[in-house]
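Just so it is clear, none of the values below were taken in a lab; they were calculated from the coordinates. In this text the structure is predicted, and so the values were computed from the model without any measurement. Note that each Cβ is placed from the backbone with ideal geometry, even for glycine, and that neighbours are counted across all protein chains shown.
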Amino acid sequence: DIVAELRDISISFPGVKALDGVDLVLRAGEIHALMGENGAGKSTLIKALTGVYAIDAGTVTVDGSARRFAGTADAQDAGIATVYQEVNLCENLTVGENVMLGREVRGPFGISWRATHTRAAQALAGLGLRIDPRSLLASHSLAVQQLVAIARATVLDSRVLVLDEPTSSLDRGEVEQLFAVVRRMRERGVAVLFVSHFLDQIYELCDRITVLRNGRLVGEYPTVDLPRHELIAKMLGREVEHLDE
Ligand code: ADP
Ligand code: MG
Ligand code: MG
């Protein structure tokens with residue numbers, strides 16, 4: 001099932017065509033890697049999907065409906081959740097309040113502090129996370145804060161989870177924990193988009209790979225069909241020596 005579809009997307013900045021007719025298709029229950037050298041257009045494509053940038057041309061479809069996002073809140077309402085390297089949660093609130101925040105500000109009626117934390121505890125437990133919802137967010141590591149951001153996405157029933165280089169400052173144990181949670185999101189039928197510079201992580205986690213080069217789409221491939229040296233060749237646009245894998 002296709003959850004989100006970006007077709008023929010173009011975005012220009014003064015002096016640079018960051019994206020030139022790019023496609024990206026995200027399917028339910030799949031973890032999709034977006035690959036490309038620095039400057040290939042990965043972040044720009046993510047920002048088109050998450051409502052940060054307006055697109056110059058192309059279409060964005062989520063759950064079958066064409067969308068024009070006016071901003072990030074708009075994209076979030078359409079079911080698109082984003083976790084960045086730098087988490088944008090509220091440090092001075094509890095974990096539970098952060099998990100429930102998007103939901104709370106949406107509805108006309110607030111729910112009690114106790115109910116907030118009970119529901120947040122359920123969301124955290126549903127992802128296999130043992131984090132006290134009453135603890136202050138600021139008391140946790142960046143890695144834990146990212147997990148809280150994912151728990152928030154489950155409360156919002158997000159259909160797409162975008163992770164832009166989430167592992168850059170995590171240690172190996174934290175990466176394992178993040179991957180476990182991302183796999184749970186896949187089991188729930190969420191479409192996950194994962195950007196990382198680490199090839200090992202791509203091959204460990206992702207089902208499919210979309211490759212960009214110089215703002216253009218190179219192609220989309222099942223990970224199992226794409227050996228490392230071929231992926232690197234596609235990213236660079238030239239043959240590379242076939243190293244032992
Ligand atoms: P990647 O994430 O793959 O490294 P980006 O999407 O960040 O690539 O950048 C693609 C191209 O667009 C680069 O040439 C970059 O310099 C340019 N670019 C990205 N964002 C902006 C911006 N806000 N203003 C001007 N140029 C930008
Ligand atoms: Mg970059
Ligand atoms: Mg980037």
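Brief remarks on what is shown
- Neighbour counts of C-beta atoms inside 10 Å place 198, 179, 13 in the sequence 13, 198, 179, starting with the fewest.
- Residue order for 100, 185, 235, fewest other beta carbons within 10 angstrom first, comes to 235, 185, 100.
- On Cα atoms only, tilt of 113-126 relative to the major axis of the chain in degrees: 40
- 20 °C / 1.002 mPa s Stokes-Einstein diffusion coefficient of region 185-245, Kirkwood radius on C-alpha pairs, µm²/s: 169
- Under the combined filter of DSSP loop state and at most 16 neighbouring Cβ atoms within 10 Å, region 54-150 retains these GluC sites (Glu not before Pro): 86, 91.
- Just checking the listed ones, 32, 117, 229: in the Gaussian network model of the chain with Cα springs under 10 Å, the one fluctuating most is 229.
- If you run the Gaussian network model on the chain, springs between alpha carbon atoms under 10 Å, then out of 204, 165, 220 the most flexible one is 204.
- Cα-based helix-to-principal-axis angle, 142-155 vs the chain, degrees rounded to 10: 80
- Amide H contacts of residue 23 (H built 1.01 Å from N, in plane; Pro and chain starts excluded): 8, 9, 217 sit under 5 Å, all sequence-distant by 5 or more or on other chains.
- Note, ³J(HN,Hα) from phi for region 208-224, Karplus 6.51, -1.76, 1.60, rounded to Hz, x at Gly and Pro: 9, 9, 9, 10, 10, 9, 6, x, 10, 7, 8, x, 10, 9, x, 4, 5
- Helix-only mean residue ellipticity at 222 nm for the chain, each DSSP H run of n ≥ 4 adding -39500 (n - 2.57), per residue, nearest 500: -10500 deg cm²/dmol
- Taking Cα atoms only, the orientation of helix 95-106 departs from the longest principal axis of the chain by about 80 degrees.
- Counting DSSP beta bridges with both ends in the chain, the antiparallel % (nearest 5): 60
- The label point for residue 230 and the one for residue 12, both projected 7 Å from the Cα toward the Cβ, are 3.5 nm apart.
- Between residue 183 and residue 57, the modelled labels are 4.3 nm apart [label points 7 Å from Cα along Cα→Cβ].
- Stokes-Einstein D (µm²/s) once Rh is taken as the Kirkwood radius of the chain over alpha-carbon pairs, at 37 °C in 0.692 mPa s: 176
- Relative contact order %, the chain, counting alpha carbon pairs below 8 Å whose residues are six or more apart: 27
- Calculated FRET efficiency for the pair residue 70/residue 214, C-beta based, R₀ 41 Å, to 0.05: 0.90
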